[in-house]
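Asks: Can you keep this structure in mind? I'll have questions shortly.
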Amino acid sequence: MNDTTYVDQHDTDGKREIVGVSDLHDIDDLAPEVNDADQKLLDVLHDIGRVQTFASGVFVAEQGAPREWFGVLLAGELELLHGRHGDPRRVGLLERGAMVFEGVLMEDQTPHRLSTRALGPVEMLVVDTAAVDGLRTQRPDVWSELMLRVAQRLRARLRVATAHLADHGEALEPIGTSRLEKDSLGVREVPASAYYGVQTLRAMENFPISGQRLHDVGAMCTALAMVKKAAAQANTELGVLDSDRAAAISTACDEIIEGKLRRHFVVDLIQGGAGTSTNMNANEVIANRGLELLGHRRGEYTHLHPLDHVNLSQSTNDAYPTAVKIAVLLTIGQALQALDQLADALRGKSVEFADVLKMGRTENQDAVPMTLGQEFGAYARMVTTARHALEHATLELHEINMGATAIGTGINSPAGYAALVTERLATITGMPLTLAGDLVESTQDSGAFAYLSGALKRVAIQVSKICNDLRWLSSGPRAGLNEINLPPMQPGSSIMPGKVNPVMPEMVNQVCYQIIGFDTTIGMAAEASELELNMAEPIIAYDLLQGLTILTNATIVLTDKCVKGITANREVCLGYVQRSIGLVTALNPVLGYERSAQVAKEALAGGESVYDLVIAKGWLTREQLDEMLDPARMTSPLQPSTTA
């Protein structure tokens with residue numbers, strides 16, 4: 001059997017490690033390449049599974065989602081990602097033939113610990129949990145062979161992880177030693193093990209505010225490194241930075257983009273100075289790592305300086321807002337996909353509940369009949385339109401002010417720098433970035449952030465409305481509407497036995513309230529721009545990135561742990577229709593207004609149902625009434641054809 005591959009993200013020399021089952025795509029085509037025992041295993045998996053395709057960029061599984069199936073990668077590549085915070089870090093790559101989600105085989109009930117995303121179109125052989133259970137009990141010979149392959153895979157994965165730690169792990173530093181660094185305010189001791197410097201140290205002391213540091217938002221670390229790398233490239237091409245220093249800066253930036261050195265990005269995200277502390281944290285980490293690459297010790301800034309070289313041709317006032325825009329763009333992709341998945345799940349329920357007749361309600365009063373499918377279809381459309389609005393709002397973020405330097409005039413940057421650094425940054429990020437038409441305006445205007453925040457608030461409002469409805473529709477179960485059942489996730493009370501609360505919609509409601517509050521803050525912060533600069537950009541960055549992160553995570557959880565498991569109480573829904581006074585509206589075209597009003601009045605006075613009264617009066621037969629209550633008739637804009 002041919003071995004598959006598991007490729008570490010730092011494996012740039014093409015070396016591959018064996019971890020999987022077989023190099024599998026078309027089983028029949030592989031027959032000459034595998035022995036009889038291996039072919040038997042592959043044939044059985046093929047018989048009990050199904051082939052499923054995934055588009056490029058789709059998350060095959062999300063970190064924190066439940067394990068639902070085991071698979072074999074037939075074609076394409078999957079990247080393994082860790083972290084939900086907008087900038088998940090790649091921890092591995094799976095190629096054709098690799099086993100995926102083998103925890104299902106070991107009855108692992110814990111959620112996925114990593115996210116798995118398709119790199120290009122992917123084809124999978126999918127075996128769900130029911131088929132896995134059947135294989136375990138009915139084919140012990142095949143089961144033993146399969147578990148042997150799993151053990152071999154885990155052993156090889158461990159070998160890869162050990163090799164990675166040996167080859168790429170950061171060296172241990174002595175504890176308690178320090179170095180002296182100087183800035184315009186004086187000399188300070190900085191830990192010898194730190195890649196940050198004196199200005200970062202002062203920021204740590206000055207801004208112990210949120211407890212959330214720069215390294216907690218990996219997208220910002222990545223974005224800052226991209227900005228600094230682009231600047232180094234442009235400066236070198238324009239002849240203001242020598243190639244050796246530029247190479248050291250670029251290599252240090254590449255390491256940060258790969259996920260290294262993150263723990264040295266330590267400043268609090270909430271800070272004064274319009275982002276200067278964040279910019280200097282990046283400058284110092286890159287400079288000190290660059291010094292090591294050049295053969296010098298950290299802090300020997302005469303060879304590579306955080307300001308003179310790493311920050312060359314830049315100001316915080318162009319580097320920081322550009323990095324924020326890139327970080328948001330890096331983060332928002334996962335939010336958009338999470339919303340797509342929520343909309344898909346709601347559409348699925350719309351189809352499932354298409355024949356469930358229920359009462360529609362306006363102002364919390366009975367209105368006219370509809371189907372539960374129509375209700376969920378409206379939710380799906382709501383999410384889709386909000387998602388499209390959010391995506392559209394990102395377009396303005398592609399316009400950046402690199403080269404503006406302090407206030408937009410481009411002081412201290414060489415001729416042609418603004419256009420060139422924008423071009424280089426677009427290449428590095430893979431984003432369609434363009435240079436702002438007016439750099440003075442772009443440096444002081446936070447309107448694009450406010451616009452995006454408004455779109456994010458719209459998403460929050462619409463998703464929260466859906467969660468409100470889910471809580472109402474599932475209320476009870478004995479003294480509420482009880483039209484739907486939400487999956488029970490945890491005991492609901494420390495004093496009331498048996499109570500189960502709608503914890504997922506409740507959680508999402510609170511996330512949405514927070515995002516709505518963030519929008520208020522962002523609006524005030526955008527307005528706070530005075531003259532040529534907005535000093536409040538750090539709180540804008542904090543709230544946008546935090547808002548996108550919690551929206552993404554909450555949406556994933558809502559989809560996987562709530563919406564997908566919703567069931568309908570069909571008889572309850574139909575009973576409300578039959579007992580509702582609102583039924584007379586649907587009967588009005590047949591009974592006429594006077595008789596409809598009469599039966600409504602009698603039903604209210606006597607507590608009887610309209611349905612039973614109409615039959616008792618002989619105005620319609622049970623068959624005629626049931627025909628009129630058919631979901632297709634009740635929810636169609638056409639009037640019923642039945643006559644009294």
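The values are calculated or read from the model by the stated rules, or taken from the named source; none is laboratory data. Everything numeric here is computed off the predicted structure, so don't read it as measured data. Cβ coordinates were reconstructed from backbone atoms using ideal geometry, including for glycine residues, and neighbour counts include every protein chain displayed. To get the accessible areas, we keep the full protein, side chains included, count just its heavy atoms, and leave off ligands, DNA and RNA. Shrake-Rupley method; radii C 1.70, N 1.55, O 1.52, S 1.80 Å.
Asks: Can you confirm whether segment 196-204 contains a residue that is surrounded by fewer than 24 Cβ atoms within 10 Å (Cβ to Cβ) and modelled with pLDDT under 90?
Replies: Within segment 196-204, none of the residues are surrounded by fewer than 24 Cβ atoms within 10 Å (Cβ to Cβ) and modelled with pLDDT under 90.
Asks: Output the residues belonging to segment 106-140 that are at pLDDT below 85 and either open to solvent by less than 40 Å² (accessible area, probe 1.4 Å) or assigned to a helix (DSSP H, G or I) (or both).
Replies: MET106, HIS112
Asks: Between VAL51, VAL100, VAL72, which is at pLDDT 90 or above and within 24 Å of GLY134 (Cα to Cα)?
Replies: Of the residues listed, the single one that is at pLDDT 90 or above and within 24 Å of GLY134 (Cα to Cα) is VAL51.
Asks: Evaluate the following for LEU435: is it open to solvent by 70 Å² or more (accessible area, probe 1.4 Å), over 30 Å from LEU372 (Cβ atoms) and either among the aliphatic types (A, V, I, L, M) or at pLDDT below 95 (or both)?
Replies: no
Asks: Restricting the search to segment 330-381, which residues are part of a loop (DSSP other than H, G, I, E, B) and not aromatic (Phe, Trp, Tyr)? It would help to see each step written out before you state the result.
Replies: Of segment 330-381, the ones part of a loop (DSSP other than H, G, I, E, B) are 353-356, 363-364.
Across segment 330-381, the qualifying residues are ALA354, ASP355, VAL356, GLU363, ASN364.
Asks: Given the conditions (1) out of contact with any strand residue (DSSP E or B) (no Cβ under 6 Å at 6 or more places or on another chain); (2) touching a residue at least 60 places away in the same chain (Cβ under 8 Å), and given that ALA597 satisfies all but one, which numbered condition is not satisfied?
Replies: (2)
Asks: Another question, then. Given the structure, is THR422 assigned to a helix (DSSP H, G or I), touching a strand residue (DSSP E or B) at 6+ places or on another chain (Cβ under 7 Å) and not basic (Lys, Arg)? Outline the logic, then answer.
Replies: Values: assigned to a helix (DSSP H, G or I): yes; touching a strand residue (DSSP E or B) at 6+ places or on another chain (Cβ under 7 Å): yes; not basic (Lys, Arg): yes.
Here the answer is yes, as THR422 does meet what is asked.
Asks: Now a separate question. Picking from THR643, THR585, which residue would you name as being farther than 25 Å from ARG361 by Cβ, open to solvent by 70 Å² or more (accessible area, probe 1.4 Å) and at pLDDT below 90? Give the steps one after another, and end with the answer.
Replies: Values: THR585 fails: farther than 25 Å from ARG361 by Cβ.
Only one candidate passes the filter, namely THR643.
Asks: A follow-up question, please. Consider ASP612 against the criteria (1) more than 30 Å from LEU390 (Cβ to Cβ); (2) at pLDDT 90 or above; (3) acidic (Asp, Glu): it satisfies all of them except one. Which criterion is unmet?
Replies: Failed condition: (2).
Asks: Looking at (1) in contact with a Ser or Thr (Cβ under 9 Å, 6 or more places away or on another chain); (2) more than 30 Å from GLU571 (Cβ to Cβ); (3) assigned to a helix (DSSP H, G or I); (4) not hydroxyl-bearing (Ser, Thr, Tyr), can you tell me which one LEU456 breaks?
Replies: (1)
Quick grid of which residues meet (1) in contact with a Pro (Cβ under 6 Å, 6 or more places away or on another chain); (2) open to solvent by 10 Å² or more (accessible area, probe 1.4 Å):
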{"position": "ILE249", "(1), (2)": "no, no"}
{"position": "GLY259", "(1), (2)": "no, no"}
{"position": "ARG262", "(1), (2)": "no, yes"}
{"position": "SER277", "(1), (2)": "no, yes"}
{"position": "ASN283", "(1), (2)": "yes, no"}
{"position": "TYR301", "(1), (2)": "no, yes"}
{"position": "ALA319", "(1), (2)": "no, no"}
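Asks: Quick one: in segment 443-464, which of the residues that are among the hydroxyl-bearing types (Ser, Thr, Tyr) and within 11 Å of GLU396 (Cα to Cα) is least open to solvent (accessible area, probe 1.4 Å)?
Replies: Ranking the candidates gives SER446 first.
Asks: For THR394, are the conditions met, namely being of a type in the set (Ser, Thr, Tyr) and either open to solvent by less than 30 Å² (accessible area, probe 1.4 Å) or over 20 Å from the mean Cα position of the chain (by Cα) (or both)?
Replies: yes
Asks: Can you tell me which residue in segment 235-247 is nearest to THR521 (Cα to Cα), limited to those that are buried (at least 17 other Cβ atoms within 10 Å of the Cβ) and touching a Ser or Thr at 6+ places or on another chain (Cβ under 7 Å)?
Replies: Top of the filtered list is ASN235.
Asks: So, one more: Which one of the conditions (1) of a type outside the set (Lys, Arg); (2) open to solvent by less than 20 Å² (accessible area, probe 1.4 Å); (3) under 29 Å from LEU548 (Cα atoms); (4) touching a strand residue (DSSP E or B) at 6+ places or on another chain (Cβ under 8 Å) does ALA404 fail to meet, given that it meets all the rest?
Replies: Here ALA404 clears every test but (4).
Asks: Do the conditions hold for LEU312, that is, is it outside any loop (DSSP other than H, G, I, E, B), at pLDDT 95 or above and hydrophobic (A, V, I, L, M, F, W, C)?
Replies: Numbers: outside any loop (DSSP other than H, G, I, E, B): no; at pLDDT 95 or above: yes; hydrophobic (A, V, I, L, M, F, W, C): yes.
The answer is no for LEU312.
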